[in-house]
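The values are calculated or read from the model by the stated rules, or taken from the named source; none is laboratory data. Just so it is clear, the model here is predicted, and its values are computed rather than measured. Cβ placement follows ideal geometry from the backbone for every residue including glycine, while neighbour counts extend to all protein chains displayed. For the accessible areas, the whole protein counts, side chains as well, though only heavy atoms, and no ligand, DNA or RNA atoms are used. Shrake-Rupley method; radii C 1.70, N 1.55, O 1.52, S 1.80 Å.
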Amino acid sequence: IAIVGPTAVGKSELALSLAQDFSAEIISADSRQIYRYMDIGTNKPTLAERALVPHHLIDVVNPDEEFNLALYCQLATEAIKSTHLKGKLPLLVGGSGLYIWSLVEGWKIPQVPPNRELRRHLEARAGQEGSYTLYQELQSIDPSAAAKIHPGNIRRIIRALEIYHATGQLPSQLWHKEAPAFPILIIGLTAERGELYSRIDCRVDKMVEGGLIEEVERLLERGYSPSLPSMSGMGYKQISQFLRGEMTLPAAIDKIKYETHRLARHQYAWFRLDDGRIHWLDA
């Protein structure tokens, strides 16, 4: 069973309840909860909740370590299989559309290791010439791959170019789908927009009260740069800016709320209310 929907709608609470009723284990589909030491800002399940119900794909890598979709698919598939072998029900839970659909639709992703020298070169070009230059380059090489990537998503553009340079093959030809070997039920949780924004704002306030500032301080003290992809996540970026004196705390909190509202709207592009595969329920 996959439980999907926008951030703060109540997916984790529903999953915990269902897991106890149906002898299930939870496989996280959250692109931020994979990082260690980042607990409050990613709204990770508590240690008590993890003791109550086994959770997978949480605390997988350090904030400065490489993690990609291919690795996620491999680890999540292994977790699903191990849960099945125990005679338990796997619950795939999260708001990362990329992670959810890669498993539900059975995406096969090329296992190409990162080329850091090429990445630095392409990032420098994007900084000098703009990300759209790299997007146009990808369009000229592989229009099908480019059509599936937003022109502003520089990380995915660079990854596609990296795959092309490493293999000499078009990324779109290496990416394909193979239906999973098990039936899937997709449950979607949704809420009226004003209610959802209210839930988001309440969660952000609780994160700040619960120690988000101190969590970011500890990450910076450990040497994790604000420029890392992990540190660019919602909450961490804005609190880092506050700690550097670039904005006030109230402004940082307002910015987190605003950006999280925008994230929730974007998640509905991944999980469409008119998608017949998703059984939508009012939260």
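Within the set of pairs 6 or more residues apart or between chains, which connect a residue that is touching a residue at least 24 places away in the same chain (Cβ under 8 Å) inside segment 169-191 to a residue that is among the hydroxyl-bearing types (Ser, Thr, Tyr) with Cβ atoms less than 8 Å apart?
Leu170/Ser144; Leu170/Tyr164; Pro171/Tyr164; Ser172/Ser144; Leu174/Thr167
What pairs come up if the first residue lies in segment 1-23 and is touching a residue at least 24 places away in the same chain (Cβ under 8 Å), the second is open to solvent by 30 Å² or more (accessible area, probe 1.4 Å) and of a type in the set (Ser, Thr, Tyr), and their beta carbons are under 7 Å apart, counting only those six or more places apart or on different chains?
From residues that are touching a residue at least 24 places away in the same chain (Cβ under 8 Å), the pairs are Pro6/Tyr268.
From the residues in segment 158-178 that are open to solvent by 80 Å² or more (accessible area, probe 1.4 Å) and polar (S, T, N, Q), which one is farthest from the chain's Cα centre (by Cα)?
Gln169
Taking interchain pairs and intrachain pairs at least six residues apart, which have beta carbon atoms under 6 angstrom, with the first residue in segment 34-54 and within 18 Å of Leu14 (Cβ to Cβ) and the second among the hydroxyl-bearing types (Ser, Thr, Tyr)?
Here the result reads none, with nothing in segment 34-54 linked to a residue that is among the hydroxyl-bearing types (Ser, Thr, Tyr).
Which condition breaks for Ala51 when tested against (1) crowded, with 20+ Cβ neighbours inside 10 Å; (2) over 19 Å from the mean Cα position of the chain (by Cα)?
With respect to (1) crowded, with 20+ Cβ neighbours inside 10 Å; (2) over 19 Å from the mean Cα position of the chain (by Cα), Ala51 is out only on (1).
Kindly indicate which of Ala191, Ala181 is among the hydrophobic types (A, V, I, L, M, F, W, C) and surrounded by fewer than 13 Cβ atoms within 10 Å (Cβ to Cβ).
The match here is Ala181.
Quick one: which of Glu105, Glu66, Glu78 is touching a residue at least 40 places away in the same chain (Cβ under 8 Å), exposed (fewer than 15 other Cβ atoms within 10 Å of the Cβ) and more than 23 Å from Ser232 (Cα to Cα)?
Glu105
On the given criteria, is Thr83 of a type outside the set (Phe, Trp, Tyr) and either open to solvent by 60 Å² or more (accessible area, probe 1.4 Å) or more than 27 Å from Val204 (Cβ to Cβ) (or both)?
Against the criterion (of a type outside the set (Phe, Trp, Tyr) and either open to solvent by 60 Å² or more (accessible area, probe 1.4 Å) or more than 27 Å from Val204 (Cβ to Cβ) (or both)), Thr83 qualifies.
Among the residues of segment 204-214, is any assigned to a helix (DSSP H, G or I), closer than 15 Å to Arg262 by Cα and either open to solvent by less than 40 Å² (accessible area, probe 1.4 Å) or in contact (Cβ under 8 Å) with a residue 40 or more places away in the chain (or both)?
Checked against the condition, which is being assigned to a helix (DSSP H, G or I), closer than 15 Å to Arg262 by Cα and either open to solvent by less than 40 Å² (accessible area, probe 1.4 Å) or in contact (Cβ under 8 Å) with a residue 40 or more places away in the chain (or both), segment 204-214 yields at least one hit.
On the basis of being in a helix (DSSP H, G or I), more than 15 Å from the chain's Cα centre (by Cα) and at pLDDT 95 or above, does Ala76 make the cut?
It is false that Ala76 is in a helix (DSSP H, G or I), more than 15 Å from the chain's Cα centre (by Cα) and at pLDDT 95 or above.
Which of the residues belonging to segment 134-157 are under 21 Å from the mean Cα position of the chain (by Cα) and among the β-branched types (Val, Ile, Thr)?
Passing the criteria: Ile149, Ile154, Ile157.
Please state which one of Asp21, Asp59 is surrounded by fewer than 16 Cβ atoms within 10 Å (Cβ to Cβ) and charged (D, E, K, R).
Exactly one of Asp21, Asp59 is surrounded by fewer than 16 Cβ atoms within 10 Å (Cβ to Cβ) and charged (D, E, K, R), namely Asp21.
Please name all residue pairs, on different chains or six or more residues apart, with Cβ atoms under 7 Å, provided the first residue is in segment 226-252 and is farther than 18 Å from Asp64 by Cβ and open to solvent by 50 Å² or more (accessible area, probe 1.4 Å) and the second residue is of a type in the set (Ser, Thr, Tyr) and assigned to a helix (DSSP H, G or I).
Close Cβ pairs satisfying both conditions: Met234/Thr260.
Check every one of the helices (runs of 4 or more DSSP H) wholly within segment 86-183 and list those with 1 or more residues that are among the hydrophobic types (A, V, I, L, M, F, W, C) and over 30 Å from Gly10 (Cβ atoms).
Fully inside segment 86-183 and qualifying: 116-129, 131-141, 143-147, 154-167, 171-174.
Report, by residue number, each residue of segment 128-187 that is within 22 Å of Trp101 (Cβ to Cβ) and among the β-branched types (Val, Ile, Thr).
Selection gives Ile149, Ile154, Ile157, Ile158, Ile163, Ile184, Ile186, Ile187.
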